[in-house]
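Right, one structure below, let's go through it.
What follows draws every value from the coordinates through simple rules; no lab data is involved. In this text the structure is predicted, and so the values were computed from the model without any measurement. Cβ placement follows ideal geometry from the backbone for every residue including glycine, while neighbour counts extend to all protein chains displayed.
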Amino acid sequence: MKGRAAQALARISASRTTAMTDRAIALRAEGRDIISLSVGEPDFPTPPHVIAAAKAALDAGDTRYTAVTGTAALREAAALHFARDLGITVPPAQVIVSAGGKQAIFLAMAATLDSGDEVLIPAPWWVSYPEIVRYTGAEPVALPTTPATGYRISAEQLAAAITPRTRWLLLNSPGNPTGATYSAEALAALGAVLRRHPDVMVLSDDIYAPLRYGAGAHATLAVVCPDLAERVLTVSGVSKSHAMTGFRIGVSTGPAWLISAMGTLQSHASGNPCSISQAAAVAAFTGPQDFLADWRERFRVRRDLAVAALNAVPGLSTPVPDGAFYCLVDAGPLMARFGSDEALALHLLDHGVAVVAASAFGGQDGFRISFAADDARLAEALSRIAKALT
Ligand code: GLU
């Protein structure tokens, strides 16, 4: 008998960010010198106090199951994080800890979507949003954005896209892959539309909140429109802010019924997130935060270097991202030469740089780089890109 995958799997394909990273790792193992600008993960070492907390947890025998939705200590620390860093005041009982923000998004969608439902996603989007939605049987609906709109959706665009089948709007600010951020005013305008549609929920993915380069404070929907907070799920974590991608810890807060539904799913899917990682995340949220400003500044310098180098290559153009650590690069003028953005990405891989084709993000004719790479390696990668394309 031949094995057969579920029909739901035919609706999705493997993550193209992680696929490109796996490929870069495999090529390196073959001895090739590949610089990976594909996956978004800070190159900085995880802070020493976080490492110490993980080691202490191991030594203390914290190696057992924890509560499914996270230890009391981490849910309290996460509530502190939501209040201090995002301005969202919540009781720890309304926090769920999951294996990365990605799992939280998966749980939220799987817990709420039925076949035929629609989910609005500003495009270009993070690669996993539409795939997660499709897996549930619901339909991702793209809200196209361009550099001319600052890669932001407008209130009018949102109003025109909502139908009786719309269940969620997915917002990601600062955004991956565009770096676009929404101001409090822009969110208030979206909130005014959402008020007229009480059945539409909002997933606010704030994982890149500490990585904003522009002026003004981070704005998030649950704070800008407190009357809507009861239908907002805010997702955050330690991966990007504290260089803890491998620990796999995401934290989310939202209405009690949704957190409980996500917990029910998690109880069967994975049980609790890793106990050692949870102890490390407590240290991340409650320990010193002063290094974040220094890291942000170092990312800003790299952003400026990357934007200048990419825009100097004939045929490439990229706007200056306001946040996160990605540049979405347009390579439209080079498409006649390469045929597709996937072919262009493979050409760059041949020249020793791993990037992800823009089509993975619902974009086209270009690619995304992550500039969260070591300074010297980033400079070398940018010069390889220039050489490969000129
Ligand atoms: N979110 C990161 C990225 O977009 C990590 C990889 C992934 O989960 O997609 O590169």
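Numerical summary
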quantity	calculated
Condition met for residue 46 (of a type outside the set (A, V, I, L, M) and either more than 16 Å from the ligand (Cβ to nearest atom) or out of contact with any strand residue (DSSP E or B) (no Cβ under 8 Å at 6 or more places or on another chain) (or both))	yes
Pair list, Cβ < 6 Å and 6+ apart or interchain, from region 340-355 residues that are without any contact (Cβ under 8 Å) to a residue 40 or more places away in the chain to residues that are small (Gly, Ala, Ser) and surrounded by fewer than 17 Cβ atoms within 10 Å (Cβ to Cβ)	351/388
Residue within region 254-270 that is closer than 21 Å to residue 88 by Cα and not in a helix (DSSP H, G or I) present	yes
Residue check for residue 265: more than 16 Å from the ligand (Cβ to nearest atom) and within 25 Å of residue 105 (Cα to Cα)	yes
Those residues of region 12-42 which are loosely packed, with under 14 Cβ neighbours inside 10 Å and either closer than 19 Å to residue 327 by Cβ or more than 16 Å from the ligand (Cβ to nearest atom) (or both), in sequence order	26, 29, 30, 31, 32, 33
Unique match (being in contact with a strand residue (DSSP E or B) (Cβ under 9 Å, 6 or more places away or on another chain), closer than 25 Å to residue 23 by Cβ, aliphatic (A, V, I, L, M) and assigned to a helix (DSSP H, G or I)) among 343, 281	343
Members of region 192-231 that are in contact with an Asp or Glu (Cβ under 7 Å, 6 or more places away or on another chain) and either more than 16 Å from the ligand (Cβ to nearest atom) or in a helix (DSSP H, G or I) (or both)	212, 213, 214, 220
Checklist (1) touching a Ser or Thr at 6+ places or on another chain (Cβ under 9 Å); (2) more than 16 Å from the ligand (Cβ to nearest atom) applied to residue 84, failing item	(1)
Residue count for region 184-212, restricted to those that are surrounded by fewer than 19 Cβ atoms within 10 Å (Cβ to Cβ) and touching a residue at least 40 places away in the same chain (Cβ under 8 Å)	1
Extreme residue, farthest from the ligand (Cβ to nearest atom), among residues of region 162-183 that are buried (at least 17 other Cβ atoms within 10 Å of the Cβ) and over 19 Å from the mean Cα position of the chain (by Cα)	162
Residue list for region 284-306, restricted to those being part of a loop (DSSP other than H, G, I, E, B) and closer than 23 Å to residue 97 by Cβ	287, 288, 289
Candidate set from region 232-241 (those that are away from the ligand (no atom under 16 Å from the Cβ) and among the aliphatic types (A, V, I, L, M)); member that is farthest from residue 107 (Cα to Cα)	232
